[in-house]
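Student: Here's a structure for you.
The values are calculated or read from the model by the stated rules, or taken from the named source; none is laboratory data. Keep in mind that what you see is a predicted model, and the values were worked out from it rather than measured. Using ideal geometry, Cβ is built from the backbone for each residue, glycine included, and neighbour counts are taken over all protein chains shown. For accessibility, only protein heavy atoms count, side chains too; no ligands or nucleic acids. Shrake-Rupley method; radii C 1.70, N 1.55, O 1.52, S 1.80 Å.
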Amino acid sequence: MDLYTNEDSQELLQSLDRALPYIEYALNNKPMFEGERYLTSKELCSILKISRRTLQYYRDGGIFPFIQLPGKVLFRESDIRKVLEDRFRSAYNIEDYSL
C-alpha cells in the first residue's frame, strides 16, 4: 500500500492548476463544423436570456432559422447574429422629435 505525502498532494494540485486553462477552454469553446458553430436550444436561451417557450415562439414564427434532427434542434450562430443585426433599432433621440 502506497502512502501519499503532502508533497504528492501539492504536486497533484499544481498539475490541476496547469490543466485548468485547457479545461476552461474546452468547456467554453464549442467545436466548429466547417467553420460554423451550432448552438442547442438550451445554449441559445442562456445566451439571449430568454425562456425555452419564447425560443419556441421565435422558431414557430419563423424568426430564428433552425436545423431539426431526431431529438435535437440546432441553431447556426451566424444565422442568429444576422437576425439580431437585422432587427437592431437604435435608441431614439428626444431632440430629433422636438415640435
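Student: Between a first residue in region 34-48 that is part of a loop (DSSP other than H, G, I, E, B) and a second residue that is charged (D, E, K, R) and open to solvent by 50 Å² or more (accessible area, probe 1.4 Å), which pairs have beta carbons less than 7 Å apart while being 6 or more apart in sequence or on different chains?
Tutor: Arg37/Lys30
Student: Mind telling me which of the residues Val83, Val73 ends up being surrounded by 10 or more Cβ atoms within 10 Å (Cβ to Cβ), free of Cβ contacts under 8 Å to residues at least 24 places away in the same chain and within 17 Å of Tyr38 (Cβ to Cβ)?
Tutor: So the residue among Val83, Val73 that is surrounded by 10 or more Cβ atoms within 10 Å (Cβ to Cβ), free of Cβ contacts under 8 Å to residues at least 24 places away in the same chain and within 17 Å of Tyr38 (Cβ to Cβ) is Val83.
Student: Identify, please: which residue in region 47-70 is under 16 Å from the mean Cα position of the chain (by Cα) and either of a type in the set (A, V, I, L, M, F, W, C) or closer than 19 Å to Met32 by Cα (or both) and is, among those, most open to solvent (accessible area, probe 1.4 Å)?
Tutor: Ile47
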